[in-house]
Amino acid sequence: MKQRLDTQVAAAVGAMLVGRDGITLGEVADGLPAHIRAANPSLKCMTKALASAGWIGKPIGGGQVIYVPPVEDGDENRPVVGHNGGEVVEGVAADEVRLLLERAERLEEERKGISDDIKDVFAEAKSRGYDIKALRSILRLRKRKPEEQQEETAIMEVYMRALGMMA
């Protein structure tokens, strides 16, 4: 019986964590067996596998996160982060929520920056005399599979001929 990809990732991640004191998602992705990597598991799937193993994400700068095992009793030298320690208010780990929100805010800022860059590219194209509407249409088409493009084009031609818009 075939196992689901997330189950395979969880098993591979579990084996990777043995004897480690920290791991990044990049290391997890690189350490997955070839047959699992070929299935292209998402970062969310890998993060879920780490979280279900009890590992906790800590930001290490530059937007990267390192995952560390939960604090064991008597290990006071390790920092306490997330739901396995820190301040818990009404069942919510304040540190973990704060880290997640900060990460989301950072990504929102990056998205805004990228959106502004895209606007700048189209403004430059417009200043050089290109038709922005046509460029955006082409961009939309390039995102689609060639079969979908051909199918839509064929349907459009049939409809346009029916309306007398094509000879």
*Return the distance in nm (one decimal) between the two label points of a simple spin-label model at SER137 and GLN150, each offset 7 Å from Cα along Cα→Cβ.*
2.2
*Write out the chymotrypsin sites (Phe, Trp or Tyr not before Pro) in region 102-167 meeting two conditions: DSSP loop, and at most 16 other Cβ atoms within 10 Å of their Cβ.*
TYR130
*By how many nm would the segment from ASP116 to ALA29 grow when fully extended, if each residue of separation counts as 0.36 nm and the alpha-carbon distance is taken off?*
28.2 nm
*asked:* Per 0.36 nm of contour for each residue apart, how much would the distance between ARG161 and ARG98 grow if the chain were fully extended, relative to their Cα-Cα spacing?
replied: 16.8 nm
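All of the numbers you see were taken from the coordinates with simple rules; none came from a lab. Computed from a prediction, not measured in an experiment: that's the story for all the values here. So basically every Cβ, Gly included, is an ideal-geometry build from the backbone, and we count neighbours across all protein chains shown.
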